[in-house]
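J.: The structure follows.
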Amino acid sequence: MTNINGTEKTASLPRESFLRGWLVAPGPPFGESIHVPYNGRSIVLTGPNGHGKTRLMNSIVDRRTPRVFAEVPRKLVAYASYQRAWLEGHIPDPLNNLSNRALIDCGETWRAGNDDKTWWREKLAVPDLRWIVKFQGLDTPGMLSVASADDLHNPQFTVPVAPQHVEPVIERWVTLDADRANDLKSITLSAFRQWAVHVFESAGLRMKLYGNALVASDERNQAISLLPLARAFAHVLGERASARLELLCGFVASLRCSSEDDFSWQATVGGMTLPLTALSRAMSRWSGLAVFETLRELAQSASDAAMLQLTSSNTGLLKGDVPPEILPAALPRPFSTRTAWVAMDEPEVHLFASEARLLGHTLASQAKAGRTMVVTHRLDLAARLVGGCDFLTFSAPGSFECADLPSGIESLLKSLAQHGAGILSVTRVLYVEGHWDVEILNRLFHTELSEKNALLSPFHGVDGAHLAVTSIWHRMMGTPFGVMFDSLTAEHAARKWNTINETVRLRGREYALRQLRYEIKEYKAGKREDLGLLRLFHAVIDGDLGQRLRLVMHGMSDIFQVVHPQVFDIEADSWVSAGFTGQTSFKDFVFEKARINLNDGRSCRLVVDAFDKMKHPVDLATFGQLSGQLRIFLDDDMSMIN
């Protein structure tokens, strides 16, 4: 990791995903092809029935749908570089003339140039390129195209790429399949065969499976029964799937897989045992998902053990004593990995309220990874996802808008309100001074904001605060909101607010408004934030929004004061030890110390990039002030304000 001036600090963050969306062609009621943007956040599709939400989701999940990337995916960079070499005349044959074997060799042996990205931008005279990847199956070459970000449907060129290099680039979605329970028997049988191969490799056993999955041959070609091993596999699978089912949606059932009966499935609920296919639709589809995710988990764990040769002994393996290294070490989570891509169409259907609430909590937690897509009509479920997702709200068949948070907060609230006020009653908005406040707060408190369904919205300077909080949606829908200013302490703001409220109580609302207008008119000198605070209070009292307002004042001179001095290449343990007393402008202090101009957006972007690379180190004193005030706001019980 490096700081803003490039000095090496620690290991870098994991490689960013450059996925920027999908070019879908869902069919009627949509047009021929549309770009669904992906901003690194999970997606909620909501709106009336018949408008195409499920059709759109299915098109996104389809692995043959073209994907849009901001940069060439790592596995395909060789193809773009080869195409460049051909265009420059260094090689005779373009990619279109290569055989499948030659395509594979190109993807695995061609070395990309360090300046390829710059070269393509200059060659095509397009500053903002997008790379479009299309998977066409394992037997057909895929396609790699490049286009302008402003014109994705007209690529500048398209070349073939080997299918085995395209396939890993396409994200794999976990779906809630209503019919999966009917196929679970064959799915489990196939998964056991795959798992057994990995187990044998891990233990150093040279075994060959027969057509009957419960029999294998050893090195001497003797038939060996795998029934004890299959029983152990089925036992672990059933226990972990049962625990996962309860985590997903609260269903309490004992799921059991019978290896003796071709891996058929049963469930015991309330003392009654039934085949999985005989259960209710909700129970069978959620059980199917729990089993499917557990099979993925067991396969991955065994594959890792085989690759790393983790098992040092095979003693007792064929008797059903499975070494712990082969099995997942941790307790089950709702999904097999925290980064799983999860797509669910009306997951709340057929669930009781308590089960739907647990599901909402599960999906909200999973959505933090930015890889969840949910189609729902249920407002309380959608409300759980507001803080961490973008919303595609449908207003007509085939017509939707994407609310790009946080800048789209007003349109988002408006769209949600069209489908009912319930979702707004559990959503809180925190208005902050500007764009960089949003960026820093999201980095430091994303989890807390998501859990409390809190949205951040910039009002672009203290002078805009009174306009932001008097939105018609605050007046009509009662949305809770907080306001955060720089430079003002919580005590100072609360003291002034309490004085105004006391004036309202003793002298009436109109008198308090006249007094505030006089103070605003006569305000001569002092902090801009103090004047902005007076205007805010006037707007709140005038709109009768006093019960909904929460003041979130951290007392810092600027939001960047929470960032550790070393990010600015200032060698100090804190801003106090660096010499900042708070008596002057923080921006002036930083410019004097590090020659970094925090009034310039480009400089701010460099600081934020360095902050990311250094894994978000903070000044402990100011972080304590900020997190304390934010926690008060997020933990405030606003259920009684209506």
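J.: Students often get this wrong: which residues of segment 122-164 have the backbone nitrogen under 13 Å from the point 7 angstrom along Cα-to-C-beta of ALA102?
T.: Taking a point 7 Å out along Cα→Cβ of ALA102, the residues of segment 122-164 whose backbone N falls under 13 Å are 160.
J.: Which shape class, rounded, prolate or oblate, goes with segment 64-165 when its Cα gyration tensor gives a ≥ b ≥ c as root eigenvalues, a/c under 1.5 marks rounded, and past that a/b bigger than b/c marks prolate?
T.: On the way: a/c = 1.78, a/b = 1.14, b/c = 1.55.
Because a/c hits 1.5 or more and a/b fails to exceed b/c, segment 64-165 counts as oblate.
J.: Could you work out, for segment 571-620, what percent of all Cα-Cα pairs fall into each 10 Å distance bin, beginning at 0 Å and stopping at the bin that holds the largest distance?
T.: Once binned at 10 Å, the Cα pair distances of segment 571-620 give 23, 54, 23, 0.
J.: Report the chymotrypsin sites (Phe, Trp or Tyr not before Pro) located in segment 197-287 that are in a DSSP loop and have at most 16 other Cβ atoms inside 10 Å of their Cβ, or state none. If you can, show how the numbers build up before the last one.
T.: Values: sites: PHE200, TYR210, PHE233, PHE251, PHE263, TRP265, TRP286; in loops: TYR210, PHE251, PHE263.
Here the sparse-neighbourhood loop sites are TYR210.
J.: Looking only at the chain, where both bridge partners belong to it, what percent of the DSSP beta bridges are antiparallel (to the nearest 5)?
T.: Numbers: 44 of 70 bridges.
In the chain, approximately 65 percent of DSSP beta bridges are antiparallel ones.
J.: If we count every other residue with Cβ under 13 angstrom of PHE580's Cβ, Lys/Arg +1 and Asp/Glu -1, where does the sum land?
T.: Net charge around PHE580: -3.
J.: State the extension gain, in nm to one decimal, for the chain segment bounded by ASP321 and THR118, taking 0.36 nm per residue of separation less the distance between their alpha-carbons.
T.: On the way: separation 203, 0.36 × 203 = 73.08 nm, distance 5.67 nm.
Additional length available on full extension: 67.4 nm.
J.: If R₀ is 22 angstrom, what is the calculated FRET efficiency for the pair GLU522 and GLN547, using the beta carbon separation as r and rounding to 0.05? If you can, show how the numbers build up before the last one.
T.: Details: r = 28 Å, r/R0 = 1.29.
For R0 = 22 Å, the calculated efficiency reads 0.20.
J.: Need one number: nm distance between label points at GLN194 and VAL252, each 7 Å from Cα along Cα→Cβ, rounded to one decimal.
T.: Going by the 7 Å Cα→Cβ label model, 3.3 nm.
J.: Pop the C-beta distance of ILE91 and SER148 into the FRET formula with R0 = 35 Å and round what comes out to the nearest 0.05. Each step should come with its number before you reach the end.
T.: Details: r = 26 Å, r/R0 = 0.75.
Given R0 = 35 Å and the Cβ-Cβ separation, E is 0.85.
J.: Give me the 1.4 Å probe accessible area per residue for the chain, excluding ligands and nucleic acids, in Å².
T.: On the way: 29820 Å² over 642 residues.
Per-residue accessible area for the chain comes out at 46 Å².
J.: Calculate the dipole size of the chain relative to its Cα centre from +1 charges on Lys and Arg beta carbons and -1 charges on Asp and Glu beta carbons; express the result in debye to the nearest 20. Display every interim value, and only then the final one.
T.: On the way: 68 positive and 72 negative charges, 137 e Å.
The calculated dipole for the chain is roughly 660 debye.
J.: Could you pull out every whole DSSP H run in the chain that spans at least 24 Å of Cα extent along its own axis and averages 0.0 or higher on the Kyte-Doolittle scale? Let's see the in-between values first.
T.: Details: long enough: 180-203 (33 Å, -0.03); 227-249 (33 Å, 0.64); 281-308 (41 Å, 0.15); 490-507 (25 Å, -1.06).
Span-like helices, by this rule, are 227-249, 281-308.
J.: Please express the Cα-Cα pair-distance distribution P(r) of the chain as a list of whole percents, one per 20 Å bin, running from 0 to the bin with the greatest distance.
T.: 16, 40, 35, 9, 1
J.: In whole percent, how big is the carbon plus sulfur part of the accessible area of the chain, probe 1.4 Å, protein atoms only? The partial results should precede the final answer.
T.: On the way: 14760 of 29820 Å².
Result for the chain: 50 percent of the exposed heavy-atom area is carbon or sulfur.
J.: Further, regarding this structure: As a test of the formula, what do you get for the chain when each DSSP H run with n ≥ 4 contributes -39,500 (n - 2.57) and the sum is divided by the residue count, at 222 nm and rounded to the nearest 500 deg cm²/dmol?
T.: One gets -13000 deg cm²/dmol as the mean residue ellipticity at 222 nm.
J.: Also: Run the quick spin-label model on ARG605 and ARG631: label points 7 Å from Cα toward the beta carbon, then report their separation in nm to one decimal.
T.: A separation of 3.5 nm, rounded to one decimal place.
J.: If Lys and Arg each add +1 and Asp and Glu each add -1, what is the summed charge of the other residues whose beta carbon sits under 13 Å from the beta carbon of SER202? Each step should come with its number before you reach the end.
T.: Values: positive: ARG206; negative: GLU201, ASP304, GLU325.
It works out to a net charge of -2.
J.: In addition: Hey, can you grab everything whose amide H is under 5 Å from the amide H of ILE170? Only 5+ residues off in sequence or another chain; H modelled, so Pro and N-termini drop out.
T.: none
J.: Sticking with this one: Just the number, please: Stokes-Einstein D of segment 175-338 in µm²/s, Kirkwood Rh from C-alpha pairs, 4 °C, 1.567 mPa s. Provide the component values of the computation, followed by the final result.
T.: Numbers: Rh = 16.1 Å.
The diffusion coefficient I find is 80 µm²/s.
J.: In whole angstrom, and with the biggest value first, how far do the Cα coordinates of segment 488-638 range along each principal axis?
T.: So the extents along the principal axes, rounded to whole Å, are 54, 38, 27.
The values are calculated or read from the model by the stated rules, or taken from the named source; none is laboratory data. Treat the numbers as computed from the prediction; the structure is a model and nothing was measured. Using ideal geometry, Cβ is built from the backbone for each residue, glycine included, and neighbour counts are taken over all protein chains shown. What goes into the accessible areas is simple: the full protein's heavy atoms, side chains included, and nothing from ligands, DNA or RNA. Shrake-Rupley method; radii C 1.70, N 1.55, O 1.52, S 1.80 Å.
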